Amino acid sequence: MRLCIADLDHSEQSTAFVGFVERPSLQGKVVVEPVDSVRAAERMIEEHRAECAVVMRPGFARALAGGNSPPAEILAARGEQFAMLATRGLLRDFMNRAAMPHDRAVPEVNPFSAGGQMRVVDFFAASMTVLFLNFGVLSGVRALQGEVDSRTIVRLIASPTQPYVIVAGKFAALLLIGLVQMGTMIAATSLLFGTRWGNPVPTAALVFTSVLMAIGLTAFMMSLANNAEQGNALAAIVIVLLSIVGGQFLPPQGLPDIFETLTRLTPNGQSFFGFIDLSAAGAHGSLLTVAQPLAVTALVGLSGIALAGFRARKALQRMT
């Protein structure tokens with residue numbers, strides 16, 4: 001975690017806090033970036049050079065000596081809720097060691113930018129929405145594979161309707177299922193937990209490409225199997241593994257750095273962190289905020305659907 005510290009008190013106690021954070025047991029875990037003003041601390045967060053910042057204003061040492069809450073601020077942005085919790089923990093631990101009464105409140109986090117302060121429930125709202133999307137679409141893809149296994153699809157293709165129209169209708173139904181499910185989850189978490197999903201336009205675009213991603217991923221996994229049961233098991237295993245690597249069960253911030261990279265290499269991780277970034281950006285979010293997640297999820301979705309369609313076409317040719 002990159003922690004920016006603005007020591008405006010220049011006292012023995014404020015200097016001791018810097019030394020407390022830089023102690024040997026935290027080396028390699030917390031990197032301290034000292035600055036000399038509040039604006040400099042804000043700029044560090046704006047430029048993504050720090051996850052959090054602690055500002056110790058004049059009177060910090062005097063307040064500690066008197067057993068009062070010190071004039072300090074914790075700045076956090078970009079949805080770094082885990083870094084925010086860790087920073088509060090460090091400041092609370094230091095204040096306790098400084099013999100400050102335990103009933104004094106630790107400075108609250110200042111939501112430096114719109115949406116900058118995220119709750120754990122917001123994190124899991126996005127996480128579970130993407131996870132359940134994949135399983136919800138999987139049930140629809142399994143039903144489609146079941147029609148192939150029972151040869152119902154052959155009788156449909158034998159009708160006057162063009163084959164591509166039938167297949168397009170099946171995938172349109174899957175798209176509708178995914179969109180309704182995502183819309184329901186977003187509405188439910190917003191109403192029940194007050195989760196903010198950000199600017200509606202980029203959020204709607206990411207919802208659409210995320211549904212495409214789920215359809216393409218599950219359809220391709222299903223096409224690799226011999227029947228619906230095998231395909232369902234294979235796709236479920238892949239979805240769970242991708243969800244673990246994508247940080248949807250366990251946030252990557254608490255794991256080795258390699259996991260932070262791996263999360264961005266999974267299509268569901270791209271979708272998940274896209275929603276997190278939009279939530280953190282609030283009303284300032286735009287299509288540029290999620291340009292990478294939009295591109296990755298759309299590419300995975302369209303590629304998966306194309307590959308699954310190609311394999312399905314070959315299978316139908318053998319059946320007919």
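The values are calculated or read from the model by the stated rules, or taken from the named source; none is laboratory data. Bear in mind the structure is a predicted one, so any value in this text is a computation, not a measurement. For neighbour counting, all protein chains shown are included, and Cβ atoms are generated from backbone atoms with ideal geometry for every residue, glycine included.
Looking across V180, V167, V137, one residue alone is in a helix (DSSP H, G or I) and either in contact with a helix residue (DSSP H, G or I) (Cβ under 6 Å, 6 or more places away or on another chain) or under 18 Å from V290 (Cβ atoms) (or both). It is V137. Scanning region 46-60 for residues that are more than 17 Å from R2 (Cβ to Cβ), within 34 Å of the chain's Cα centre (by Cα) and in a loop (DSSP other than H, G, I, E, B) yields a total of 1.
Checked against (1) more than 27 Å from A143 (Cα to Cα); (2) modelled with pLDDT of 85 or more, G254 meets all criteria but (2).
Among the residues that make up region 47-56, is at least one of them out of contact with any Lys or Arg (no Cβ under 9 Å at 6 or more places or on another chain) and surrounded by fewer than 19 Cβ atoms within 10 Å (Cβ to Cβ)? Yes, region 47-56 contains at least one residue that is out of contact with any Lys or Arg (no Cβ under 9 Å at 6 or more places or on another chain) and surrounded by fewer than 19 Cβ atoms within 10 Å (Cβ to Cβ).
Against the test of being β-branched (V, I, T), at pLDDT below 85 and surrounded by 14 or more Cβ atoms within 10 Å (Cβ to Cβ), the options V165, V148 yield a single qualifying residue, V148.
Which residue pairs have Cβ atoms under 6 Å apart, sit 6 or more places apart or on different chains, and have a first residue in region 209-226 that is assigned by TED's automatic domain parsing to the domain that holds L287 and assigned to a helix (DSSP H, G or I) and a second that is modelled with pLDDT under 80 and not hydrophobic (A, V, I, L, M, F, W, C)? Once the first residue is assigned by TED's automatic domain parsing to the domain that holds L287 and assigned to a helix (DSSP H, G or I) and sits in region 209-226, its partners that are modelled with pLDDT under 80 and not hydrophobic (A, V, I, L, M, F, W, C) give M222/Q145; M222/G231; S223/R311.
Of everything in region 227-248, what is of a type outside the set (V, I, T) and in a helix (DSSP H, G or I)? Give them in sequence order. Scanning region 227-248 gives A228, E229, Q230, G231, N232, A233, L234, A235, A236, L241, L242, S243. Restricting attention to region 136-195, the residues that are closer than 24 Å to F123 by Cβ and free of Cβ contacts under 8 Å to residues at least 24 places away in the same chain add up to 8. Is there a residue being touching a strand residue (DSSP E or B) at 6+ places or on another chain (Cβ under 8 Å), more than 17 Å from N96 (Cα to Cα), surrounded by 16 or more Cβ atoms within 10 Å (Cβ to Cβ) and without any contact (Cβ under 8 Å) to a residue 40 or more places away in the chain anywhere in region 22-33? Yes, region 22-33 contains a residue that is touching a strand residue (DSSP E or B) at 6+ places or on another chain (Cβ under 8 Å), more than 17 Å from N96 (Cα to Cα), surrounded by 16 or more Cβ atoms within 10 Å (Cβ to Cβ) and without any contact (Cβ under 8 Å) to a residue 40 or more places away in the chain. Mind checking whether some residue in region 142-154 is closer than 26 Å to M221 by Cβ and either outside the structural domain of L212 (by TED's automatic domain parsing) or aromatic (F, W, Y) (or both)? No: region 142-154 contains no residue that is closer than 26 Å to M221 by Cβ and either outside the structural domain of L212 (by TED's automatic domain parsing) or aromatic (F, W, Y) (or both). A single entry from A99, A63, A16, A105 fulfils the requirement of being outside any loop (DSSP other than H, G, I, E, B) and either modelled with pLDDT under 80 or in contact with a Pro (Cβ under 6 Å, 6 or more places away or on another chain) (or both): A63. Taking the listed residues G309, G282, the one that is modelled with pLDDT under 80, over 28 Å from T195 (Cα atoms), of a type in the set (G, A, S) and surrounded by fewer than 21 Cβ atoms within 10 Å (Cβ to Cβ) is G309, with no other qualifying. Can you say whether R43 is at negative phi, in a helix (DSSP H, G or I) and under 28 Å from the mean Cα position of the chain (by Cα), as far as the supplied structure shows? Taking the combined requirement at face value, the residue satisfies it.
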